[in-house]
Amino acid sequence: MDTRTAPAARAIDPDLARALVDVVGGPHLLTEPDVVASYSLDWTGRFRGSTPAVVRPGSAAEVAEVVALCRRHGTAIVPQGGNTGMVGGGVPLHGELVMSLRRLDLAGPVDGSTGQLSAQAGVTLAAVQSAARDAGWIYGVDLGGRDSATIGGNVATNAGGLRVVRYGDTRAQLLGAEAVLGSGAVVSHLGGLLKDNTGYALHSLLCGSEGTLGVVTAVRLRLVPPAPSRVAAMLGMRDASAAVAAAQALRRTLPSLSAVELMVRAGIELVCTVTGAPPPLPDPHEAYLLVEASGATDPTPELSAAVASLSGVQDAAVALEPARIAALFRYREAHTEAINSLGSPHKLDVTLPNAVLADMVGRFAGIVSAVAPEASVWLFGHVGDGNVHVNVTGVAPDDDRVDDAVLRAVADVGGSISAEHGIGTAKRRWLGLNRSPTELQAFAAIKRALDPDGIMNPHVMLTPA
Ligand code: FAD
Ligand code: MLT
Ligand code: ZN
């Protein structure tokens, strides 16, 4: 696969290697080139780095010792969870040491009276969801990478996903965190008080910091009561504009709305070709809206009434049983792997203001073809949040013209160049489109305060000092 590659990493300093082995044990300092290679390539295949070693601490105390050692040796660290990130932030593109958090995998127990859960950073999102479910609660964040993505990675990226429209993003679930800052200081605030205005909310700051301030080692999460009655509908829409208008209307008219996702004809056809699934509806439609409603009582009548009042709906398939609902969601979730099968995509994850959302969805193909006529554009996303995933294939990994054109167009209309995936290395160049020089200076000051030697993910989000 053609990837944006980095130069080979230098070998690890033998003194540092010995000291790291003393902390984590020989089996947890990986240096075999074949083994570390899998930690150096990102999920999209667009970003391939190289690293002298992967260190796998087994406790927060070991994380703290590793950070202290790296600080002493002036060695940069890339924290890594499930390596499902989309912006090249979790792979060593400048020869950094990789710190894998996957061994920190203890979850729970759930505090049933408050509806809260503590989990170590390396617990997968799926394991958090299942611990919550087993205790009669649910965790509000869900996304297609759930089986590999870790809760530490979700916090580091402030992951969004399929149910932000109902429950909010990861930051909205986060009541506290434990972390080892780049300075080596360990901060821990895991008490889980629902109201707690005692100074700066460090956990909120760490959420979305993409490993640039420190390593998240544990989190305290808010759970929500289950919504056992669920119904989903795949709506065949006249066009993307009608789908966007319908999604916006459903947020007002359907209180039990728990997901509303946009797809278009080309994406659905690609998914069907790659996965072998039959078309979701008998005839093709220019756009599709996947709508889910859920609650304590059957939301089907409410969903039917809300859908009946929409314009542009040409057909609908309704699912009531969990397996059928999952099958409808598969059309949406499979977009990521289906697009990857065409080669490493440029993943431009943006949010648009409501007023220009429909217009921009219609403009993306033209914006891309003006700079890369050979490219293909794939549109889908969490349209209830104004979040569109503009994926582009057929462009070389290091050809940034498409990224530049799309991100500038989005910023020009007041949108965000990163809705939920983060800035990483992929979008660092464009952060100034959304953030003023004064804000960037404040970011740099925070970085210097918490990571004075700049060892934490120094090439991600901010330009190194
Ligand atoms: P990684 O990829 O390992 O790392 C991501 C970033 O976080 C890096 O900058 C890394 O340095 C940092 N990091 C990781 N762990 C820590 C830690 N413990 N402490 C400090 N920094 C850390 N994302 C969404 O927001 N919404 C979606 O709907 C969504 N769907 C996806 C579907 C699929 C099929 C896939 C493959 C990915 C999807 N993603 C989605 C992207 C990805 O899953 C999220 O960004 C996720 O939060 C990354 O978690 P991770 O453990 O894999 O992190
Ligand atoms: C999604 O919504 O499917 C994810 O954010 C992943 C992607 O953008 O491919
Ligand atoms: Zn997404």
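The values are calculated or read from the model by the stated rules, or taken from the named source; none is laboratory data. No experiment lies behind these values; they were computed from the predicted model shown. When we count neighbours, we look across all protein chains shown, and the Cβ atoms used for this are built from the backbone with ideal geometry, even at glycine. Ligands, DNA and RNA are excluded from the accessible area calculation, which covers all protein heavy atoms including side chains. Shrake-Rupley method; radii C 1.70, N 1.55, O 1.52, S 1.80 Å.
Show me the trypsin sites (Lys or Arg not before Pro) within segment 8-83 that DSSP assigns to loop and that have at most 15 other Cβ atoms within 10 Å of their Cβ.
Details: sites: R10, R18, R46, R48, R71, R72; in loops: R10, R46.
Filter output for segment 8-83: R10.
Quickly estimate the mean residue ellipticity at 222 nm for the chain, helices only: each DSSP H run with n ≥ 4 gives -39500 (n - 2.57), and the total goes over all residues, rounded to 500.
Numbers: 16 runs with 156 residues, N = 465.
Per the formula, -10000 deg cm²/dmol.
Which shape class, rounded, prolate or oblate, goes with segment 229-336 when its Cα gyration tensor gives a ≥ b ≥ c as root eigenvalues, a/c under 1.5 marks rounded, and past that a/b bigger than b/c marks prolate? The shape class here is oblate. Computed over segment 322-432, relative contact order equals 33 percent, with contacts defined as Cα pairs under 8 Å that lie 6+ residues apart.
Contact order normalised by length for the chain, with contacts defined as Cα pairs under 8 Å and 6 or more residues apart; what percent is it?
Numbers: 1058 pairs, mean separation 74.4, N = 465.
Relative contact order of the chain: 16 percent.
Compared with the dominant Cα axis of the chain, that is its longest principal axis, helix 125-134 is turned about 70°.
A 1.4 Å probe run over the protein chains yields, for segment 348-446, 38 Å² of accessible area per residue, whole-number rounding. Placing pseudo-labels 7 Å out from each Cα toward the beta carbon at T253 and S436 gives an inter-label distance of 4.0 nm. Taking each residue as 0.36 nm, the span from L194 to A37 lengthens on full extension beyond its C-alpha to C-alpha distance by 52.3 nm. Checking every one of the trypsin sites (Lys or Arg not before Pro) in segment 398-465 against DSSP loop status and a limit of 16 other Cβ atoms within 10 Å picks out R435.
Here each label is just a point 7 Å from Cα along the line to Cβ, and for R103 and S369 those points are 5.3 nm apart.
Measuring with a 1.4 angstrom probe and ignoring ligands and nucleic acids, L379 comes out at about 20 Å² accessible. Axis angle, to the nearest 10 degrees, between helix 437-450 and the longest C-alpha principal axis of the chain: 50 degrees.
Counting Lys and Arg as +1 and Asp and Glu as -1 over every other residue whose Cβ lies under 13 Å from the Cβ of G432, the net charge comes to +3. Each Lys or Arg adds one and each Asp or Glu subtracts one; over the other residues with Cβ under 14 Å from the Cβ of D359, this totals -1. The Cα center of segment 183-231 and the Cα center of segment 241-307 differ in position by 32 Å. Overall form of segment 150-211: oblate. Here a/c, set by the Cα gyration tensor axes a ≥ b ≥ c, is 1.5 or more, and a/b is not larger than b/c. Taking the chain as the reference, fit the longest principal axis to its C-alpha atoms, fit the long axis of helix 401-412 to the helix C-alpha atoms, and give the angle between the two in degrees, 0 to 90, nearest 10. Once rounded, one gets 70 degrees.
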